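Report on the structure given below.
The values are calculated or read from the model by the stated rules, or taken from the named source; none is laboratory data. All of these numbers come straight from a predicted model, not from anything done at the bench. Neighbour counts are summed over all protein chains in view; Cβ atoms, including those assigned to glycine, are modelled from backbone coordinates with ideal geometry.
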Ligand code: SF4
């Protein structure tokens, strides 16, 4: 079934969470700079940077950001231009603007402390449901499901969840299935390991085109693999609408080497960032 109501196969997969936790300890990523900490400021910063951006790219930015803004109060007190300058090159600049606003709200509304539950974290700028759950799970051990792009891929395959995720009812159903799969026992290390394990599995084994099922810790449980076509999950019929744009950039340089830059209007894809003046032509 490619659309409509999801198939109502039972969610229970005995032993699934335990396998993910054990695999993460032995084979997952355990030495990234934002791991081995429960500091919500550091975890939040890494989660925002990792949205739509590869780990290898984030590493340098993360280190520079923390060096310049070691605490949420220092980030909140910064000028927006300084934050955007440090973000420059990482893309999706609305993330940087929200990051700054979020830091200011943490200071103004939460006395400088990040809220401790996913529900409260979601009230802050730029923190969606999955990011909130990741922070709450990593930092406070909350038993709550994440569902970022990698994890959606893993879970739809494991569950052979063939309903169309373009429909919000089906997406809600997948959230509910993800919650059903959470570890039952919540020891202090369990949720951070489980959450990280799902992320790691999606990033390294259960990848988009060619999942390496022979290496997968949950291959015996995976209903998608049992169908013979795990790669057909997740199903999402609504494709991103793409358009093409041609940009002409003006490079105006003085003999002393200084270049004419201007602040872009906000919002917009590069809103409030500093760049060469440009002229945009949209081509559909
Ligand atoms: S068995 Fe294959 S499809 Fe299933 S979760 Fe593992 S890697 Fe993904």
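If residue 225 satisfies all but one of (1) within 12 Å of the ligand (Cβ to nearest atom); (2) without any contact (Cβ under 8 Å) to a residue 60 or more places away in the chain; (3) part of a helix (DSSP H, G or I), what's the number of the condition it fails?
(2)
Checking the structure you have, find out if any residue of segment 250-257 is within 24 Å of the chain's Cα centre (by Cα) and either assigned to a loop (DSSP other than H, G, I, E, B) or not assigned by TED's automatic domain parsing to the domain that holds residue 181 (or both).
No; the residues of segment 250-257 include none that is within 24 Å of the chain's Cα centre (by Cα) and either assigned to a loop (DSSP other than H, G, I, E, B) or not assigned by TED's automatic domain parsing to the domain that holds residue 181 (or both).
Just to verify a result, which residue in segment 233-248, among those that are more than 10 Å from the ligand (Cβ to nearest atom) and in contact (Cβ under 8 Å) with a residue 40 or more places away in the chain, is nearest to residue 153 (Cα to Cα)? Outline the logic, then answer.
Looking only at segment 233-248, we keep the residues that are more than 10 Å from the ligand (Cβ to nearest atom), and these are 234-248.
So of that shortlist, the ones also in contact (Cβ under 8 Å) with a residue 40 or more places away in the chain come out as 234-238, 243-244.
Working: 234: 6, 235: 9, 236: 11, 237: 15, 238: 16, 243: 26, 244: 28 Å.
That would be 234.
Go over the candidates 85, 134, 63 one by one and state the one that is in a helix (DSSP H, G or I) and either touching a helix residue (DSSP H, G or I) at 6+ places or on another chain (Cβ under 8 Å) or outside the structural domain of residue 190 (by TED's automatic domain parsing) (or both). Step through it out loud before you land on a result.
Values: 85 fails: either touching a helix residue (DSSP H, G or I) at 6+ places or on another chain (Cβ under 8 Å) or outside the structural domain of residue 190 (by TED's automatic domain parsing) (or both); 63 fails: either touching a helix residue (DSSP H, G or I) at 6+ places or on another chain (Cβ under 8 Å) or outside the structural domain of residue 190 (by TED's automatic domain parsing) (or both).
That would be 134, the only listed residue that is in a helix (DSSP H, G or I) and either touching a helix residue (DSSP H, G or I) at 6+ places or on another chain (Cβ under 8 Å) or outside the structural domain of residue 190 (by TED's automatic domain parsing) (or both).
Does residue 167 satisfy being surrounded by 14 or more Cβ atoms within 10 Å (Cβ to Cβ) and within 16 Å of the ligand (Cβ to nearest atom)?
no
Listed residues 123, 117; which is free of Cβ contacts under 8 Å to residues at least 12 places away in the same chain, within 18 Å of the chain's Cα centre (by Cα) and over 30 Å from residue 211 (Cβ atoms)?
Values: 117 fails: free of Cβ contacts under 8 Å to residues at least 12 places away in the same chain.
Unique residue meeting the criteria: 123.
Which one is surrounded by the most Cβ atoms within 10 Å (Cβ to Cβ) among residues in segment 37-83 that are free of Cβ contacts under 8 Å to residues at least 12 places away in the same chain and within 25 Å of residue 207 (Cα to Cα)?
Restricting to residues being free of Cβ contacts under 8 Å to residues at least 12 places away in the same chain and within 25 Å of residue 207 (Cα to Cα), the top hit is 50.
State yes or no: is residue 90 surrounded by 15 or more Cβ atoms within 10 Å (Cβ to Cβ), within 22 Å of residue 125 (Cβ to Cβ) and touching a strand residue (DSSP E or B) at 6+ places or on another chain (Cβ under 9 Å)? First the steps, then the outcome.
Numbers: surrounded by 15 or more Cβ atoms within 10 Å (Cβ to Cβ): yes; within 22 Å of residue 125 (Cβ to Cβ): yes; touching a strand residue (DSSP E or B) at 6+ places or on another chain (Cβ under 9 Å): no.
When the stated conditions are applied, residue 90 does not pass them.
Only residues that are more than 14 Å from the ligand (Cβ to nearest atom) and over 14 Å from the mean Cα position of the chain (by Cα): list them for segment 138-164, please.
If the condition is that a residue be more than 14 Å from the ligand (Cβ to nearest atom) and over 14 Å from the mean Cα position of the chain (by Cα), then 139, 140, 141, 142, 143, 144, 163, 164 are the ones that fit.
Residue under question is residue 29, and the condition is that it be in contact (Cβ under 8 Å) with a residue 12 or more places away in the chain, farther than 15 Å from residue 75 by Cβ and surrounded by fewer than 14 Cβ atoms within 10 Å (Cβ to Cβ); does it hold?
no
Within segment 179-222, count every residue that is within 11 Å of the ligand (Cβ to nearest atom), touching a residue at least 12 places away in the same chain (Cβ under 8 Å), assigned to a helix (DSSP H, G or I) and surrounded by fewer than 17 Cβ atoms within 10 Å (Cβ to Cβ).
So the answer is 2.
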